[in-house]
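Comments concern the structure below.
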Amino acid sequence: MGTFLFNVLAIFTLVTAVGVVVNRNAVNASMCLLLSLVGVAGLFVGLQAYLLAFLLLLVYAGAIVALFLFIVMLLDTKGDARPTLHKLPVAARVLAVGLVGLGVVSFVAQGKLPEPAIGNAPAVGATLKLYAYQLFSTYLLPVQILGFLLLIAMLGVIVLSKRFEGLEDIK
Amino acid sequence: MNLEAVKLAAADNLWSALFPELMLAGLALLLLVLEIVLPKKHHVVIPDVASAGLLGTLIGLFVNWNSSLIGAETFNGLIHHTHQGQMMRAFFMICALLVCQLGRLTLARQLMPKIEFYHIVLVVTAAMMLLAQSNHLLMLFVVLETLTIGLYILVSYHRTSTASLEAGLKYLVMGALSSGILLFGIVLLYGVAGNPALPAHSDNAMYYPELTRFLEGNRDNFVASLGIVLVLVGVGFKIGAFPFQIWVPDVYQGAPTPVTAFLAVASKAAGFAVLMALCGKHGVFAAYQSLTTPVLTVMAAATIIFGNLSALTQHNVKRLIGLSGVSHAGFLLLGVVASATSVLATNAIYFYLFAYLIASFAVFGVMTHLAGADDSDQDLDHYAGLAKDSPFLAGVLAIGLGSLAGIPPLAGFMGKFLVFVAAYQSGARWLLAIAAAGVVVSIFYYFGWIKAAFFETWTPPADGAPTRPARTPVTWVTGFALGFLALASVFFGFYQGPFGQFLTLK
């Protein structure tokens, strides 16, 4: 069951990831990215890293891809004609694919993690409850600072984008 | 983690230990409330409230200087209270005070929202103060992001000026890249230090003492070395060290002048506070000095050479001061290299930073008075005849530039002297030779600027239209501030006492 699910999810992730690259329509590419992230989240669930899976869905699929979609729709780009191939980019692509292939092959051939290390590793931070406790006790200060970060980010967006009328009397 | 442990962790969040930062954060919120509550004609008092609050907090910090918490850790090890931290807190608050003062002059020339500027300056200052005291990589990253995001906004604050927006975009892209690199380094360190197969591994590896222990136990781990180099690269971007200085000239030119000052002084000092915590003799990366010292040495040499040579040809004073700031980062890096072996160097770096603060803000203050509506267009030619028109501004400029160039008996000279002595003691001889050559080159371009102000006369272009912006008259408060900075530059050239006493060196 575990292996079957892993295979399905892995193939799903890879196929949709290829879809991100080859799709000429930016909206479709973003949707493929979303599906690919869902696949990765599924893989995390398979590893019992529920929190990580949940955060991935929430942050990447929920927030970031939605942001991409907004921007893609705002810009309303049309897929351009296929660019002509120049020598140097083609060489770079071949080299990149070769290096990635080499990396995968060497990882499969030699990438062995020491077994007992994995067996002994405690699954700290894997539960949502522990995470929440830590967030609001040990790491309360960074949480508060991030509140201020969001505040100035919001102010910045207003300052840099809003049209101000009648600013003459603000001196 | 049971409930008792949670309660214990919560009890360690000693908020009173961070009263200056909390005061600034509260003050920042107060400014926004005042903007809503006060009628528009009373909005002029809001910058005064910001300055008064900053001054009050600074006095509070001095009163509480030898607090019982010095040496202790609070917030579950996130914050480490030290004398160095106290010093940097004062440093950043003085910067913020001066930036607010300069901001008033610059903001008055532009049609744009005013109050948010002070709000963001206060939040960024509080973040820098926390950065100088952070004792945990998570804390480091969170406050670094807060201050960087604040600076993105401040850099592009003149949003009607294309130069400012371009600078903001460049800073955003480079800043995001450097944050990414820094974060990658942190993650590698955290990951490798949490590996149960290695000796001295830790499940709280972002906490500096634990990370130090791990690095001491694994002296040549490849992943840890990679993480350390990436962290150094990330910090190198922030301080504008070669080869990560590409953003400096454009961003410094495009940003409003007070923000340029803030970037040049406070942001750089924040970067060096981090570097000293990481690469000093008792720093986190002390076990990897065979790696960090060569990296920093090469960086320092290249930064000094690049900064000085590229500043030589500049005609826009903001670019000039930006590139000369790169060379100052190089001199400070020389101090960091020396601090790996000698504790004296840490003291020298702090003195250098204060001398740099005093001299830079004197120069930036004069620049703010000479800038026109187009803040990015500040040319050396605009300074022609300054000595005749305004002897006070010209005098302050001469002292500020002289101190930056390192002319005795000004504070900048003593700063360079102390750093060089420390470098000599630590044996970085050839780096010292490069630095000495750099100083000679720097005198050339600083004196070009002084020459423009004192010995050149300005002739309006033939077609009669004056192309030079009108100068802002010196007000009572800014005049006092500039005079004070000039006097301080002279004073600290003769007397360096407090910088030996404030720091208890171990």
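The values are calculated or read from the model by the stated rules, or taken from the named source; none is laboratory data. Keep in mind the model is a prediction, meaning the values are calculated, not measured. Heads up, the Cβs are rebuilt from the backbone with ideal geometry, glycines too, and the neighbour counts pull from every protein chain shown. What goes into the accessible areas is simple: the full protein's heavy atoms, side chains included, and nothing from ligands, DNA or RNA. Shrake-Rupley method; radii C 1.70, N 1.55, O 1.52, S 1.80 Å.
Numbers at a glance
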item	result
Lone unmet requirement of (1) of a type outside the set (A, V, I, L, M); (2) part of a loop (DSSP other than H, G, I, E, B); (3) free of Cβ contacts under 8 Å to residues at least 60 places away in the same chain for B:PHE244	(3)
Verdict on B:LEU61 being within 28 Å of B:ALA273 (Cβ to Cβ) and touching a Pro at 6+ places or on another chain (Cβ under 7 Å)	yes
Sole residue being open to solvent by 20 Å² or more (accessible area, probe 1.4 Å) and within 12 Å of another protein chain (Cβ to nearest Cβ), chosen from B:VAL63, B:VAL44, B:VAL33	B:VAL44
Filtered residue count, the stretch B:236-248, keeping only those that are over 13 Å from B:THR303 (Cα atoms) and either hydroxyl-bearing (Ser, Thr, Tyr) or surrounded by fewer than 24 Cβ atoms within 10 Å (Cβ to Cβ) (or both)	1
Residue in the stretch B:413-425 that is hydroxyl-bearing (Ser, Thr, Tyr) and surrounded by 20 or more Cβ atoms within 10 Å (Cβ to Cβ) present	no
Boolean, B:LEU54 is touching a residue at least 60 places away in the same chain (Cβ under 8 Å), assigned to a helix (DSSP H, G or I) and within 13 Å of chain A (Cβ to nearest Cβ)	no
Residue under evaluation B:PRO20, criteria (1) open to solvent by less than 50 Å² (accessible area, probe 1.4 Å); (2) closer than 30 Å to B:LEU485 by Cα; (3) in a loop (DSSP other than H, G, I, E, B); (4) not hydroxyl-bearing (Ser, Thr, Tyr), criterion not met	(3)
Scan of the stretch B:191-211 for residues that are under 30 Å from the mean Cα position of the chain (by Cα) and surrounded by fewer than 18 Cβ atoms within 10 Å (Cβ to Cβ), ordered by number	B:ASN204, B:PRO209
Conditions (1) out of contact with any helix residue (DSSP H, G or I) (no Cβ under 9 Å at 6 or more places or on another chain); (2) closer than 30 Å to B:ALA96 by Cβ: number failed by B:PRO209	(2)
Per-region count, the stretch B:2-28, residues under 24 Å from the mean Cα position of the chain (by Cα) and within 13 Å of chain A (Cβ to nearest Cβ)	9
Scope the stretch B:131-152; condition facing another protein chain (nearest Cβ under 8 Å) and open to solvent by 10 Å² or more (accessible area, probe 1.4 Å); matching residues	B:LEU138, B:VAL142, B:GLU145, B:ILE149, B:TYR152
Some residue of the stretch B:295-307 being surrounded by 24 or more Cβ atoms within 10 Å (Cβ to Cβ), over 25 Å from B:MET414 (Cβ atoms), modelled with pLDDT of 90 or more and more than 16 Å from the chain's Cα centre (by Cα)	no
Output for the stretch B:66-87, where each listed residue is within 14 Å of chain A (Cβ to nearest Cβ) and of a type in the set (Gly, Ala, Ser)	B:GLY77
Identity of the residue in the stretch B:155-190, touching a Phe, Trp or Tyr at 6+ places or on another chain (Cβ under 7 Å), within 14 Å of chain A (Cβ to nearest Cβ) and over 30 Å from B:GLU210 (Cα atoms), that ends up most open to solvent (accessible area, probe 1.4 Å)	B:LEU172
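The rows are residues; the columns are (1) more than 20 Å from B:THR475 (Cβ to Cβ); (2) part of a helix (DSSP H, G or I); (3) polar (S, T, N, Q); (4) without any contact (Cβ under 8 Å) to a residue 12 or more places away in the chain.
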site	(1), (2), (3), (4)
B:ASP381	yes, yes, no, no
B:VAL396	no, yes, no, no
B:PHE417	yes, yes, no, yes
B:VAL421	yes, yes, no, no
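Matching residues to (1) farther than 21 Å from A:GLY19 by Cβ; (2) open to solvent by 40 Å² or more (accessible area, probe 1.4 Å); (3) in contact with a Phe, Trp or Tyr (Cβ under 6 Å, 6 or more places away or on another chain):
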| site | (1), (2), (3) |
| --- | --- |
| A:CYS32 | no, no, no |
| A:PHE44 | no, yes, no |
| A:TYR50 | yes, yes, no |
| A:LEU56 | no, no, no |
| A:LEU69 | no, no, no |
| A:VAL72 | no, no, no |
| A:LEU75 | no, yes, no |
| A:LEU85 | yes, yes, no |
| A:VAL100 | no, yes, no |
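Residue by residue, here is whether (1) touching a Leu at 6+ places or on another chain (Cβ under 8 Å); (2) free of Cβ contacts under 8 Å to residues at least 12 places away in the same chain; (3) part of a helix (DSSP H, G or I) holds:
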{"position": "B:VAL298", "(1), (2), (3)": "no, yes, yes"}
{"position": "B:VAL326", "(1), (2), (3)": "no, no, yes"}
{"position": "B:THR341", "(1), (2), (3)": "no, no, no"}
{"position": "B:ALA362", "(1), (2), (3)": "yes, no, yes"}
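Residue-by-condition table, conditions (1) among the β-branched types (Val, Ile, Thr); (2) part of a helix (DSSP H, G or I):
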{"site": "B:CYS100", "(1), (2)": "no, yes"}
{"site": "B:GLY103", "(1), (2)": "no, yes"}
{"site": "B:GLN110", "(1), (2)": "no, no"}
{"site": "B:PRO113", "(1), (2)": "no, no"}
{"site": "B:ILE120", "(1), (2)": "yes, yes"}
{"site": "B:VAL123", "(1), (2)": "yes, yes"}
{"site": "B:LEU138", "(1), (2)": "no, yes"}
{"site": "B:ILE149", "(1), (2)": "yes, yes"}
{"site": "B:ALA167", "(1), (2)": "no, yes"}
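Each row is one residue, and each column tells you yes or no for (1) modelled with pLDDT of 85 or more; (2) crowded, with 18+ Cβ neighbours inside 10 Å; (3) at the interface with chain B (Cβ under 8 Å from one of its Cβ atoms).
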{"site": "A:ALA126", "(1), (2), (3)": "no, no, no"}
{"site": "A:LEU141", "(1), (2), (3)": "yes, yes, yes"}
{"site": "A:GLN144", "(1), (2), (3)": "yes, no, no"}
{"site": "A:GLY147", "(1), (2), (3)": "yes, no, no"}
{"site": "A:LEU150", "(1), (2), (3)": "yes, no, no"}
{"site": "A:ILE158", "(1), (2), (3)": "yes, no, yes"}
{"site": "A:LYS162", "(1), (2), (3)": "no, no, no"}
{"site": "A:GLU165", "(1), (2), (3)": "no, no, no"}
{"site": "A:LYS171", "(1), (2), (3)": "no, no, yes"}
